[in-house]
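Chemist: Starting off with a structure, shown below.
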Amino acid sequence: MKIDAFCHIMPRKYYDRFFELGVTKEAANLRKRVSNIPSMVDLDVRFKQMDEFGDYRQVINLASPPVETLGSPALSKEMARLANESMAELVAKYPDRFAGFFAATPLDDPEAGVEEYNYAMDSLGAVGAQIYTDVHSKPMDLPEFEQYWENAAQKGGMIQVHPSRNSSWPDYPTETRSRFEIWWTLGWEYDLSVFQSRLVFSGVLERHPDLKLLIHHGGSMIPHFAGRVGPGWDQLGARTPEDQKADVEHYPLTKRPIEYFKMMYADTAMFGAAHALRCSIDFYGADRVLFASDSPFDPEKGPGYIRATIANMEEIGLSDSEKNKIYTDNAARLLGVKVS
């Protein structure tokens with residue numbers, strides 16, 4: 001069996017409500033993209049695609065945009081609840097297709113985010129939650145989000161982290177927008193890496209060592225720049241101007257920075273880049289990597305990244321034990337999903 005731990009969906013009830021809303025320009029662009037991927041909402045199409053891969057099940061989450069971008073905190077709370085109850089219904093109705101779901105949590109109101117997280121875990125059976133690397137451009141290491149991290153660590157569910165910047169984030173300070181989709185190809189990986197770094201240096205993992213963070217796209221840039229993250233950050237402060245020394249003199253860590261990054265988890269959603277997948281597994285170890293495809297955002301609108309990721313898993317020299325861990329065992333252990 002293969003448990004695909006990062007797959008996007010829009011349940012029909014949520015999809016219909018989403019298309020009723022007046023949304024921002026960026027959300028409208030995402031709405032257009034989602035509407036052009038039939039398997040995002042059409043289960044007949046989705047199941048036919050899944051049949052190609054035999055004993056294969058998905059852990060689903062809500063497709064972009066984040067619920068916080070849809071309007072007021074009240075609306076994001078409403079949409080998160082609708083998404084979670086709809087995904088729970090799909091998991092209950094199609095257990096042979098969907099092994100579980102990651103909840104949406106409205107973090108424009110962190111208290112409401114905690115409430116929805118607990119409701120999804122306790123009443124709906126969620127395996128954790130999907131969050132984004134910022135909330136309305138605010139970093140996730142701000143004190144207002146501390147209650148969310150503390151609660152997530154105590155509840156034990158996994159927090160799946162998705163990047164979130166868009167074309168309004170320019171490539172250079174002298175410009176007003178990103179060009180050539182650089183914001184997506186490279187910017188999203190920078191987002192994920194900054195998210196991890198800020199949580200490390202703000203002490204979130206020091207305070208909450210039981211927090212389980214699943215970083216999308218193989219842990220993003222961190223495994224590939226382990227020399228800079230390791231020996232480079234061991235010299236933290238050596239490159240810091242005198243007027244900024246306060247940023248680095250009292251950060252609350254008791255271990256090397258790289259050790260906190262290795263406390264996180266990664267997925268295999270590398271879009272067919274076998275060498276990059278090998279690097280991520282080497283960095284985290286097979287016990288901390290979950291099989292995932294990022295379906296259905298591939299050029300085929302569903303099966304392409306699944307097929308490519310399986311091919312990568314088979315060609316990079318993993319042992320049978322390592323493959324079993326990544327395909328199924330880690331999902332069973334970390335997410336609590338059934339694999340029989």
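Chemist: Would you confirm, using the coordinates I've provided, whether K155 is charged (D, E, K, R) and without any contact (Cβ under 8 Å) to a residue 12 or more places away in the chain? Before you say what the answer is, go through the steps one by one.
Modeler: On the way: charged (D, E, K, R): yes; without any contact (Cβ under 8 Å) to a residue 12 or more places away in the chain: no.
No: the conditions fail for K155.
Chemist: Let me ask you something else. Taking the condition in contact with a strand residue (DSSP E or B) (Cβ under 8 Å, 6 or more places away or on another chain) and not aromatic (F, W, Y), does N324 pass? Step through it out loud before you land on a result.
Modeler: Values: in contact with a strand residue (DSSP E or B) (Cβ under 8 Å, 6 or more places away or on another chain): no; not aromatic (F, W, Y): yes.
For N324, the condition - in contact with a strand residue (DSSP E or B) (Cβ under 8 Å, 6 or more places away or on another chain) and not aromatic (F, W, Y) - is not met.
Chemist: Step by step: first the residues of the range 285-310, then only those that are in contact with a strand residue (DSSP E or B) (Cβ under 8 Å, 6 or more places away or on another chain) and in a helix (DSSP H, G or I), then the one that is farthest from S35 (Cα to Cα). Which residue is that?
Modeler: Pass one, the range 285-310, residues in contact with a strand residue (DSSP E or B) (Cβ under 8 Å, 6 or more places away or on another chain): 288-297, 306, 310.
Narrowing further to those that are in a helix (DSSP H, G or I): 288, 306, 310.
On the way: R288: 34, I306: 21, I310: 27 Å.
Here the residue is R288.
Chemist: Right, M313: assigned to a helix (DSSP H, G or I), in contact (Cβ under 8 Å) with a residue 12 or more places away in the chain and either out of contact with any Pro (no Cβ under 9 Å at 6 or more places or on another chain) or surrounded by fewer than 18 Cβ atoms within 10 Å (Cβ to Cβ) (or both) or not? Please lay out each step first, then the result.
Modeler: Values: assigned to a helix (DSSP H, G or I): yes; in contact (Cβ under 8 Å) with a residue 12 or more places away in the chain: yes; either out of contact with any Pro (no Cβ under 9 Å at 6 or more places or on another chain) or surrounded by fewer than 18 Cβ atoms within 10 Å (Cβ to Cβ) (or both): yes.
In short, yes.
Chemist: Here is a further query. Being at positive phi and in a helix (DSSP H, G or I) is the filter here; which residues of the range 213-269 pass it? Spell out the reasoning first.
Modeler: Of the residues in the range 213-269, the ones at positive phi are 217-220, 237.
Of everything in the range 213-269, those that are at positive phi and in a helix (DSSP H, G or I) turn out to be H217, G218, G219.
Chemist: Also, quick follow-up: Given the range 1-110, what helices (runs of 4 or more DSSP H) lie entirely inside it while holding 1 or more residues that are of a type outside the set (K, R) and either in contact with a Gly (Cβ under 8 Å, 6 or more places away or on another chain) or under 26 Å from M313 (Cβ atoms) (or both)? Before you say what the answer is, go through the steps one by one.
Modeler: Working: elements: 12-18, 25-35, 43-50, 73-93.
Those helices (runs of 4 or more DSSP H) span 43-50, 73-93.
Chemist: Can you name every residue in the range 83-104 that is among the aliphatic types (A, V, I, L, M) and surrounded by 24 or more Cβ atoms within 10 Å (Cβ to Cβ)? Break it down into steps so the answer makes sense when it comes.
Modeler: Step one: list which residues in the range 83-104 are among the aliphatic types (A, V, I, L, M), which gives 83, 87-88, 90-92, 99, 103-104.
Answer for the range 83-104, where residues must be among the aliphatic types (A, V, I, L, M) and surrounded by 24 or more Cβ atoms within 10 Å (Cβ to Cβ): A83, M87, A99, A103, A104.
Chemist: Here are I281, I316: which of them is in contact with a Lys or Arg (Cβ under 6 Å, 6 or more places away or on another chain) and farther than 20 Å from L186 by Cα? If you could, list the steps in order and put the result at the bottom.
Modeler: Details: I281 fails: in contact with a Lys or Arg (Cβ under 6 Å, 6 or more places away or on another chain).
Being in contact with a Lys or Arg (Cβ under 6 Å, 6 or more places away or on another chain) and farther than 20 Å from L186 by Cα holds for just one of I281, I316, which is I316.
Chemist: Follow-up question, since we're still on this one. Out of the range 123-159, which residues are in a strand (DSSP E or B) and touching a Leu at 6+ places or on another chain (Cβ under 6 Å)? Break it down stepwise before answering.
Modeler: Of the range 123-159, the ones in a strand (DSSP E or B) are 128-132, 134-135, 138-139, 158-159.
Of everything in the range 123-159, those that are in a strand (DSSP E or B) and touching a Leu at 6+ places or on another chain (Cβ under 6 Å) turn out to be V135, M158, I159.
Throughout, read-outs are computed from the coordinates displayed, never taken from laboratory work. Because the structure is a prediction, the values reported are computed rather than measured. No Cβ is skipped: glycine too gets one built from the backbone with ideal geometry, and neighbour counts run over all protein chains shown.
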